[in-house]
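Notes follow once the structure below has been shown.
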Amino acid sequence: MSKGEKMIPVKVDQIFLSNVGFVVLLKGTEDERSLPIFIGAAEAQAIAIHMNNVEVPRPLTHDLLKNTLDFLECRLKRIEVCDIRDSTFYATLVLEKDGNEMRMDSRPSDAIALALRCDAPIYVYKKVMTEAGRVFSESELGGDHAVGVDDVPGKKEADEKSDKSQEKLSHLEALKKDLDKAVEDERYEDAARLRDEIKRLKQTHTHN
């Protein structure tokens with residue numbers, strides 16, 4: 001941060017889906033302006049998961065990074081959305097270890113996801129808010145535009161893929177029982193057919 005640079009404290013207001021992708025809104029705590037930042041689906045999911053208090057069985061990428069910082073006894077003091085160039089936002093992680101302050105470049109989406117998990121404050125440089133911030137109306141943000149964790153692309157597809165995978169495994173177990181029965185009854189032609197079907201299903205499951 002350059003000397004005397006004015007920073008505006010913000011909070012993550014919401015994520016919404018625009019006609020060109022996901023947007024996270026950083027709303028100023030001192031005025032009505034919000035800074036819209038376009039983010040990817042994976043980052044939108046990471047932010048939405050935390051905002052919706054969704055528990056995950058294993059740590060996600062940003063959870064792992066937080067755990068690593070904790071293990072190293074390194075504290076995330078704050079994040080700063082510090083610049084915008086060619087419509088691309090830039091952010092900085094401000095870290096502290098053993099009384100020494102360190103700064104690391106970061107994508108804003110990753111910085112935000114980490115700040116939420118570390119309960120660290122989020123700031124936007126005044127020049128960035130002046131250039132790209134605006135006041136959004138309720139009609140622009142409310143209703144069907146708001147995004148929850150279930151709305152993030154990829155989650156529904158992943159759930160459906162998991163369900164289909166379980167169906168395949170159940171079918172595979174049934175075929176194995178039929179194969180054992182066919183061998184026991186000396187129905188070798190049926191056994192050969194079942195063996196080929198089991199092999200095909202195993203290959204399909206491995207590739208998926």
Residues (polar (S, T, N, Q) and more than 28 Å from residue 52 (Cα to Cα)) located in segment 81-124: 87, 100
Out of 173, 167, which single residue is exposed (fewer than 13 other Cβ atoms within 10 Å of the Cβ), closer than 30 Å to residue 56 by Cα and modelled with pLDDT of 75 or more? 173
I'm trying to understand the selection: among the residues of segment 39-55, which are acidic (Asp, Glu) and modelled with pLDDT under 90? 55
Is there a residue being part of a helix (DSSP H, G or I) and acidic (Asp, Glu) anywhere in segment 69-76? yes
Quick check: anything in segment 43-53 touching a Cys at 6+ places or on another chain (Cβ under 6 Å) and polar (S, T, N, Q)? no
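Answer with yes or no whether residue 97 is in contact (Cβ under 8 Å) with a residue 40 or more places away in the chain, more than 17 Å from the chain's Cα centre (by Cα) and surrounded by fewer than 19 Cβ atoms within 10 Å (Cβ to Cβ).
Numbers: in contact (Cβ under 8 Å) with a residue 40 or more places away in the chain: no; more than 17 Å from the chain's Cα centre (by Cα): yes; surrounded by fewer than 19 Cβ atoms within 10 Å (Cβ to Cβ): yes.
No.
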Positions within segment 78-94 being surrounded by 14 or more Cβ atoms within 10 Å (Cβ to Cβ) and not hydroxyl-bearing (Ser, Thr, Tyr), in sequence order: 78, 79, 80, 81, 82, 83, 84, 89, 91, 93, 94
Given the criteria at pLDDT 95 or above, more than 22 Å from residue 22 (Cβ to Cβ) and in the same structural domain as residue 51 (by TED's automatic domain parsing), does residue 96 qualify? yes
Do we find a residue being among the polar types (S, T, N, Q), surrounded by 13 or more Cβ atoms within 10 Å (Cβ to Cβ) and touching a helix residue (DSSP H, G or I) at 6+ places or on another chain (Cβ under 8 Å) anywhere in segment 2-24? yes
Positions within segment 110-122 being out of contact with any His (no Cβ under 8 Å at 6 or more places or on another chain), surrounded by 24 or more Cβ atoms within 10 Å (Cβ to Cβ) and touching a residue at least 40 places away in the same chain (Cβ under 8 Å), in sequence order: 112
Confirm whether residue 182 is assigned to a helix (DSSP H, G or I), at pLDDT 70 or above and over 30 Å from residue 91 (Cα atoms). yes
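Rundown of residues vs (1) among the charged types (D, E, K, R); (2) touching an Asp or Glu at 6+ places or on another chain (Cβ under 6 Å); (3) modelled with pLDDT under 90, yes/no style:
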position	(1), (2), (3)
19	no, no, yes
28	no, no, no
37	no, no, no
57	no, no, yes
75	yes, yes, no
79	no, no, no
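The values are calculated or read from the model by the stated rules, or taken from the named source; none is laboratory data. Predicted model, so just to flag it, every value in this text is computed and none were measured. When we count neighbours, we look across all protein chains shown, and the Cβ atoms used for this are built from the backbone with ideal geometry, even at glycine.
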